[in-house]
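What follows is one structure encoded as structure tokens, with my remarks underneath.
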Amino acid sequence: MDDYCLVDCGFHDRLEALATLRQICQISYRTVTGEIVEVQDRIVDVYAANRADFLKLKDGTEIRLDRLISVNGNPTRCA
């Protein structure tokens, strides 16, 4: 796994709030190969594993937080 960039705490808190509200979100992220993917789905969990933070979507997709580009138009930021 390449080096993890810790995501800004405020952005992390917004992700947890979206998971709690069970809102469908517009999510843009980069895959491991660099492909940009845009999806609309519900965030069901935000968690830490293997020294990184992840979010899990309702469809089962797991995204490392530092691979996020934006959620609902809000760009991600590393801390």
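The values are calculated or read from the model by the stated rules, or taken from the named source; none is laboratory data. Computed from a predicted model, the values in this text were never measured in an experiment. A quick note on method: Cβ atoms are made from the backbone with ideal geometry, for glycine too, and the neighbour counts reach across all protein chains shown. To get the accessible areas, we keep the full protein, side chains included, count just its heavy atoms, and leave off ligands, DNA and RNA. Shrake-Rupley method; radii C 1.70, N 1.55, O 1.52, S 1.80 Å.
Do we have any residue at all in the range 63-77 that's surrounded by fewer than 17 Cβ atoms within 10 Å (Cβ to Cβ) and either on the phi > 0 side of the Ramachandran plot or assigned to a helix (DSSP H, G or I) (or both)?
yes
Within the range 45-60, count every residue that is open to solvent by 40 Å² or more (accessible area, probe 1.4 Å) and either closer than 11 Å to Leu15 by Cα or among the polar types (S, T, N, Q) (or both).
Residues meeting the conditions: 4.
Can you find a residue that is free of Cβ contacts under 8 Å to residues at least 24 places away in the same chain, open to solvent by 50 Å² or more (accessible area, probe 1.4 Å) and under 11 Å from Val71 (Cα atoms) anywhere in the range 21-37?
yes
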